[in-house]
Amino acid sequence: MQVCAVLGAGTMGAGIAQVAAQSGLDVRLFDIDDAAVTQGLGRVRAMLDKGVSKGKLAAAEREACLARLSKSTQLEQAVQGCDVVIEAIPELLELKRSVFGRIASVVDEDCLLASNTSSLSIGKIAEGVAAPGRFVGMHFFNPVPLMKLIEVVVGPGSDEAAVDCARELGRRFGKDPITVKDAPGFASSRLGVALGLEAIRMLEEGVASAADIDKAMKLGYRHPMGPLELTDLVGIDVRMHIASYLSEMLDDKRFQVPALMRQMVEAGKLGKKSGSGFYEWGEGGPA
């Protein structure tokens, strides 16, 4: 395996492109807008620069990694001849279906197709894909270069060989894979979103401040980050969409979106990416 296309140059896509390039793959980073791809490559360089400044990465390694990265705004050109395509576009089922439907006839028959979806059904995304046996979920976690977990999702039509390939690729990227079936929210999102929503409800009810709710989980349960800070990091809007999907699919009141969450999204308070959420975010982190 030598050539990888990453579709979507946002935070997740840029992170996936970085770990793929650091593993030795030639990586094509795609987005529909040239400015978005350029910004994505800038994110990669910033992360690599930080690694060099902290002494965790040699300058020569940074340059070698950047040399393996290229950008594209032409979808079919980006995926042609690739050994693996990893999609990291917005969590919209029809959009993902459309993209995979377009590329399925362009890529080689043995090309591994993977979605970074955090909650959508792998089987439903793969419905428009020729030879769906090669289609799996590869759910990375933010920030991708630092988080060790990868969730490999087995769709109803996924071949065992494709699942094994995805797990091995995850290890090559420096991740520790878990394997889950194609159930709503998989393992991580179902657990994580439930905790995050309950924390938001507690904040709504005035049980405690955001900082104290998070501290309860960090000091009492040894979580490295509290549920509200994590929701800020993931994106309050992203978490809201996942919660809505899980509420619909599972018919479970635990995943109903709290009023406070909707109000924050409507006000543009999306967490770290907007500078404001449950915390105010600056260069020094949350405050």
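When Ser188 is tested against (1) over 25 Å from Met147 (Cα atoms); (2) under 17 Å from the mean Cα position of the chain (by Cα), just one condition goes unmet, and that condition is (1). Among the residues making up segment 149-166, those that are more than 16 Å from the chain's Cα centre (by Cα) and either farther than 30 Å from Lys253 by Cβ or surrounded by fewer than 19 Cβ atoms within 10 Å (Cβ to Cβ) (or both) are Pro156, Gly157, Ser158, Asp159, Glu160, Ala161, Ala162, Val163, Asp164, Cys165. Val19 passes every criterion in (1) more than 22 Å from Gly235 (Cα to Cα); (2) touching a Phe, Trp or Tyr at 6+ places or on another chain (Cβ under 7 Å) apart from (1).
Where helices (runs of 4 or more DSSP H) fall wholly inside segment 109-217, the ranges with 1 or more residues that are closer than 30 Å to Arg45 by Cα and without any contact (Cβ under 8 Å) to a residue 40 or more places away in the chain are 160-172, 188-204. If you filter segment 67-114 down to residues that are more than 20 Å from Gln22 (Cα to Cα) and polar (S, T, N, Q), you find that the one that is farthest from the chain's Cα centre (by Cα) is Ser105.
Within segment 123-138, track down each residue that is surrounded by fewer than 24 Cβ atoms within 10 Å (Cβ to Cβ) and not charged (D, E, K, R). Scanning segment 123-138 gives Gly123, Gly128, Val129, Ala130, Ala131, Pro132, Gly133.
State all residues of segment 265-287 that are small (Gly, Ala, Ser), more than 12 Å from Leu233 (Cα to Cα) and either assigned by TED's automatic domain parsing to the domain that holds Gly10 or at pLDDT 95 or above (or both); if no residue qualifies, say none.
Within segment 265-287, Ala267, Gly268 qualify.
On the basis of being at pLDDT 95 or above, assigned by TED's automatic domain parsing to the domain that holds Asp26, more than 12 Å from Leu7 (Cα to Cα) and crowded, with 22+ Cβ neighbours inside 10 Å, does Val84 make the cut?
On the way: at pLDDT 95 or above: yes; assigned by TED's automatic domain parsing to the domain that holds Asp26: yes; more than 12 Å from Leu7 (Cα to Cα): no; crowded, with 22+ Cβ neighbours inside 10 Å: yes.
Here the answer is no, as Val84 does not meet what is asked.
The values are calculated or read from the model by the stated rules, or taken from the named source; none is laboratory data. This one's a predicted model, so the numbers in the text were calculated from it and none came from an experiment. Every residue, glycine as well, gets a Cβ built from its backbone with ideal geometry; the counts of neighbours run over all protein chains shown.
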